[in-house]
Structure formats: C-alpha cells, structure tokens
Amino acid sequence: MSTPFSPPHPLHDYALLADGERGALIGPDGALTWLCAPTWHDDAVFASLIGGGGVYCVAPRARYVPGGYYEEGTLIWRSRWVTTDGVIECREALAYPGDEKRLVLLRQLLAVDGTARVRVLLDPHADYGRAPLTSVHRDDDGVWHLATGRHLLRWQGAASATVREEGLTADLVLKPGESHDLVLECSGSPLPPTLPRAEEAWAGTERAWRQSLPPLQTIAARDARRAYALLRGLTTQGGGMVAAATTSLPERAEAGRNYDYRYVWIRDQSYAGQAAAAAGTPELLDSAVRFVSERLLADGPRLAPAYTVHGTRVPRQHELDLPGYPGGFSRIGNHVSGQFQLDCFGEALLLFAAAERLDRLNADAWKAADLAVRGIAERHREPDAGIWELEARRWTHSRLICVAGLRALADAAPHRPLADTCTRLADTVFTETAVSSVHADGHWQRAPDDAAVDAALLLPAVRGALPADDPRTRATLAACRERLTQDHFVYRFRHDERPLEEAEGAFVLCGFVMALAEHQQGHTVDAYRWFERNRGACGASGLYAEEFDIAQRQLRGNLPQAFVHAMLLETAARFTQDPLPHGARRRAANSTPDRPLGPMSRS
C-alpha cells in the first residue's frame, strides 16, 4: 500500500519526532511513514515504513534537493528543500511533553526564498495500515475529522483539502516569507472540544525543550545534547525509556534479524541512567531508577529483561504479514519475553550505585536493590541469554557485570548492611567465573565452553568488576582490538569463519565501549580515535542505529537505538574526567603501548 509519497529510504535519511509517549519517523521527502498511537508499542496509524498503509506527507511540488536539521537541544526537526523555485522549510514536532492519551503533531511551512508550492497528503490507517478510514468529514470551520480503527483524528490547516483515493490532499501556495500551520491530533478516545492553537502549542513545546535540557560539560557537546534530547524523547512520563522507536528494521537483509524494540529493556534503561549520572543530568537518572525499581519490586528475582512502558510483559513475537522494510519482515512483540538475562541485575545495581553517589536513591530503590542482590545470589549459576540475547549459556559478561554492580553498590554505600553482602557475593561470583572463563592466553572468554572473545567483555572492567591494570583486563582489550575491529569500528563477536563484515554490521555501542576501555587505560589518543570514528557513524539527522555497515556506509537495525545514544553521552562526559587514580595514571603513562600508534582515521 505504498504511495508515490512514501518510497522507502535508507535509514541514514530519517529523522525522529518524539514527545516521550510516542515517536514518528520522517523521511527526506517530508513523509511521516511511521507513527504508533497512543503509545510506542500500540498499532501504527502510519506504517508505510514497513509496507503497510498510512502516510502523512508535506513536500514541494517542484524538483528539490532535501536536507534538514534539529533545532539545538530539541527534537524539533526542520525539513529543508532547495527547489528549482526557491527554498522551503517545514518545522516538524510532536507537541512536547506529550499527553499519554492524545498526540498533537505540529507542522509549520515557511517560504524561505521564493514562492512555496506544496502538496499535502494525509492518509491514516490504523492497525499497521490494515484498517480502513471509516469516517471522513469537514466541519463548518474547515477542520477535518477522521476515524480509522480505534483512532480518532482531527486536522487543522487544510480546509481546502479534497478526498481522493490516495487520501486527503491539498495544494498550498505560500508567498515569499509567508508561513502556514498544520495541526494533527490523534487519540484512542474522544478528542477534547477545544482545538489546540498552533502558536500556543509551538511556544509550549519550545519552552519545554529549553527547560528539559541541562547544561552539559562534555566533549562533542552538540552531539551530546542531541543524544540527551533523544533519550528524553524516548522516555515516558512513567519513567520507561523504549529501546527504539521502530520495529522490523533489518540488521542484515534477509538474515532473519528483525526485531520489535518498542519496549523498555532493563539493561538499556540502566545504561541511560548511568550516562545521565555521568553527565550530571538527574532527571533521566531519576526516571531510570524509578522504572527499574518498580519492576524489581514487582518481580524480584524473576525480573524480565524487558517490559512495555506500562510495566507489563512484552507480548510474544508474531508476524503482521506486511511486505516489511526492504530486506526485512514485519514483526511485533519480542521473544525476549521468554528469556532470563542475568546481567540485568548487575546493570540495575550499577544504576542504583550511580544514583546513590548523587544522593538520589530513595527507600523504595534500596528495597529494589536488595531484590537485585537476591536475584544474583539465587540465579548466578543458571544459564542465561546474555547481553546479545542468544541461547542460554553461562555467559561470562553476565556474571562479571553482576560483580561490577555488586562492588559499585558496596562502594557507593559502605555504611549499609547490604554492602557486606554485596562484597562477599561479588567475590564468590568473580572467583567462580575466573576459574571457568579465563582463556589460556589470559583474556576473558565468552563462556566456559566458548573460548572466543566478545566485545561485551570490555565493559565489566570499565564498570569496576576488576582493576584497569589487571592482566585479564589488558589481555581482553588487546584481544578485542586484534580480533574484532576494522578501521576503528568494533564488531560484537565472530559468528563463524566469515570475514566480520559479512556476518553483520559493526556495533556502534561497542565502539564507544572500546573508547571507554582505552580511556581507562590512559591511552587518550586512541580513546579519542575510537570515539570520533564511531561518532561519525550516524545518519544525516545525527541519529544512530544499532549497527553500521562499513562497506556500504549504511545504518542497520531499528532507529534510533537508545543505548548507542546513551553510551555516546556517557563517553562524552567521562572523557572530561580522569579515569584513573594518579598512581595508576602514572603507571599507564610509563608503560609500553600495546601497539604502535597509526594515523588517525576519520569518517
């Protein structure tokens, strides 16, 4: 059901509008091709991104070259088209902060240079494009009212639109310097009688974004601010942060790796909270602590790896039977609902320790921390799916990140009785893991029965599971650097004997973790190399997907991927800090480098 207004584009070309409660993907042609309502995991009313029906397009009638940019510190996007007749911009936003029951989508056209001639198309279809429009009418004030599935919509600013087979269409002409507003509302319940006014909605959105962005003292400050805004845009008022705004965008064409990430992963939420703590931005930290605490208080040692933003279980994965994004499928739900991931307990403890260091951990969170410790004590010998959500095994990363979490909490609150329990349990888990999972070459291996190296094994030392100068830390860094990298990008692990790039894309998260690991060792120049290389692996809007295809310079996987932005923010913040005590820094400075320094690579 794709229309001429909504051909699929490379993921590099999309931007995201988000208000905390839901998000919309917009392409360079001005087409909103993905929007779920009323919240992230609900059915889409615009689903042409994955081959369903539904699109909302504003685009020039003349030939054009597209562009665009985010207004600083916000998710207000400016589509910009240089046409054969002049220059046109369209300011785009979901009114922020969002109402959990009703979205307000703002689009403001501006004839920047010359006369703007624009075609507008609105064609919503609920149930991922499969539900028809059951009602379309215009009232005496020129406002359109539409219904599809359980969704009710109201559209201002297009009184001259006509009903056609492809949807509601309108041709607008703006004189040089003139602007024109379009306001779309969508809700699963009756809309309020009072119409939102465009100028008030814009003013409120601008003010809310200004107030939500704290001062950030980081390197790469512009990208750090964008990452922070993105994380805020993905975080609901209830505290839950979705892992990504989309579903079924392929990590590898026809490889079967297409997942629904419109849910809250405990691990990803903890990454975001730790990044917020490192950057000195407590609002995101508090949201993460609140959501993770609530889930632990509800489920304790049976904590699930992921939840809906409402705290309910993620539905089982099933197919929508749509064409899908090219190279992908159309899946909703996620098989993670049936997994156990031990490292979630460790990540939760790392999050709580970061909050305690800033004196932001309340009584309920301490009860949740106790349950996380209990979860590790009861389950650390069980096989689990691990950080990469694979077959259940005794993954080394899972156990070491639990060690890191236990030690971090004990260090953050040594006066609490729980600290002694954490220290003893950390020593037990670490000793058992060291006996079973250190390779003969001295590096940590993936599992007791898997001698390969894994980029995730860089993270436990960064988090404090063992010292930076421990021989196993340095051996693991050297092994990852030697076996899992290419051109200053990092792959997770080797799938088989194929070249790395033939199995999957480089993992951008791991590139930033490598930067942190080098920084921890005092290798400042190398750390910046890894950071800058991976910072460049974004799309035109500055957003990151999960993977980066080095050969084709393309983003792969769901967009935008929250944990990549979280790790970018944390790395940018930590690079302004001294990673080592002075004595350890002196030892690192006087040591022989692991390899000679080569020329810096640039994207």
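Can we say LEU109 is of a type outside the set (Val, Ile, Thr), crowded, with 20+ Cβ neighbours inside 10 Å and touching a His at 6+ places or on another chain (Cβ under 8 Å)?
Considered against the rule, which asks whether it is of a type outside the set (Val, Ile, Thr), crowded, with 20+ Cβ neighbours inside 10 Å and touching a His at 6+ places or on another chain (Cβ under 8 Å), LEU109 comes out as yes.
Do any strands (runs of 3 or more DSSP E) entirely within the stretch 85-187 hold 1 or more residues that are of a type in the set (Val, Ile, Thr) and assigned by TED's automatic domain parsing to the domain that holds ARG207, and if so, which?
87-94, 102-113, 116-123, 133-138, 144-148, 162-164, 167-174, 179-187
Give just the number: which of (1) of a type in the set (A, V, I, L, M, F, W, C); (2) assigned to a loop (DSSP other than H, G, I, E, B); (3) not assigned by TED's automatic domain parsing to the domain that holds ALA369 does ALA304 not satisfy?
It is condition (3) that ALA304 fails.
Pick out the one residue from ARG553, ARG472 that is surrounded by fewer than 23 Cβ atoms within 10 Å (Cβ to Cβ) and in contact with a Leu (Cβ under 9 Å, 6 or more places away or on another chain).
The match here is ARG472.
Give the residue, chosen from HIS12, HIS41, that is assigned to a loop (DSSP other than H, G, I, E, B), under 23 Å from GLY327 (Cα atoms) and at pLDDT 95 or above.
On inspection, the qualifying residue turns out to be HIS41.
Can you tell me which of (1) under 19 Å from the mean Cα position of the chain (by Cα); (2) part of a loop (DSSP other than H, G, I, E, B) is the one LEU25 doesn't meet?
(2)
So, ALA277, is that one within 29 Å of HIS9 (Cβ to Cβ) and under 19 Å from the mean Cα position of the chain (by Cα) or not?
Taking the combined requirement at face value, the residue does not satisfy it.
Going by the conditions given, is ALA545 part of a loop (DSSP other than H, G, I, E, B), crowded, with 24+ Cβ neighbours inside 10 Å and either among the aliphatic types (A, V, I, L, M) or not assigned by TED's automatic domain parsing to the domain that holds TRP77 (or both)?
yes
Find the residue count for the stretch 475-518, including only residues that are of a type in the set (Asp, Glu), modelled with pLDDT of 95 or more and either surrounded by 16 or more Cβ atoms within 10 Å (Cβ to Cβ) or in a strand (DSSP E or B) (or both).
1
Please tell me if ASP85 is surrounded by fewer than 24 Cβ atoms within 10 Å (Cβ to Cβ), of a type in the set (Asp, Glu) and either within 17 Å of the chain's Cα centre (by Cα) or within 21 Å of LEU121 (Cβ to Cβ) (or both).
In short, yes.
Out of everything in the stretch 333-383 that is charged (D, E, K, R) and in a loop (DSSP other than H, G, I, E, B), what residue ends up being nearest to ARG257 (Cα to Cα)?
Applying the filter and picking the extreme gives GLU382.
Does ARG267 count as farther than 28 Å from LEU516 by Cβ and either in contact with a strand residue (DSSP E or B) (Cβ under 9 Å, 6 or more places away or on another chain) or not assigned by TED's automatic domain parsing to the domain that holds LEU94 (or both)?
The answer is no for ARG267.
Which of the numbered conditions does GLU570 fail, given that it passes all the others? Conditions: (1) crowded, with 24+ Cβ neighbours inside 10 Å; (2) on the phi > 0 side of the Ramachandran plot.
If we test GLU570 against (1) crowded, with 24+ Cβ neighbours inside 10 Å; (2) on the phi > 0 side of the Ramachandran plot, just (2) comes out false.
Quick check on my filter: what residues within the stretch 271-313 are out of contact with any Lys or Arg (no Cβ under 9 Å at 6 or more places or on another chain), surrounded by fewer than 23 Cβ atoms within 10 Å (Cβ to Cβ) and among the aliphatic types (A, V, I, L, M)?
The answer is ALA298, and nothing else.
Among the listed residues SER248, SER212, SER187, which satisfies the condition of being surrounded by 21 or more Cβ atoms within 10 Å (Cβ to Cβ) and touching a Lys or Arg at 6+ places or on another chain (Cβ under 7 Å)?
Only one candidate qualifies: SER248.
Six or more apart or on different chains, Cβ under 7 Å: which pairs go from a residue in the stretch 92-105 that's closer than 24 Å to VAL120 by Cα to one that's among the basic types (Lys, Arg) and part of a loop (DSSP other than H, G, I, E, B)? Could you list them?
What qualifies is LEU103/ARG22.
Please specify each residue of the stretch 44-76 satisfying the condition of being over 22 Å from GLU206 (Cα atoms), touching a residue at least 24 places away in the same chain (Cβ under 8 Å) and assigned to a loop (DSSP other than H, G, I, E, B).
Of everything in the stretch 44-76, those that are over 22 Å from GLU206 (Cα atoms), touching a residue at least 24 places away in the same chain (Cβ under 8 Å) and assigned to a loop (DSSP other than H, G, I, E, B) turn out to be ALA47, GLY51, GLY52, GLY53, GLY54, ARG61, ALA62.
Any residue in the stretch 112-132 that is surrounded by fewer than 21 Cβ atoms within 10 Å (Cβ to Cβ) and either touching a helix residue (DSSP H, G or I) at 6+ places or on another chain (Cβ under 6 Å) or within 30 Å of ARG207 (Cβ to Cβ) (or both)?
yes
I need the full set of residues from the stretch 156-211 which are within 16 Å of ASP123 (Cα to Cα), among the acidic types (Asp, Glu) and free of Cβ contacts under 8 Å to residues at least 24 places away in the same chain, in order please.
GLU165
The values are calculated or read from the model by the stated rules, or taken from the named source; none is laboratory data. Keep in mind that this is a model prediction, so the values were computed, not measured. Counting neighbours? That spans all protein chains shown, and the Cβs are built from the backbone with ideal geometry, glycine included.
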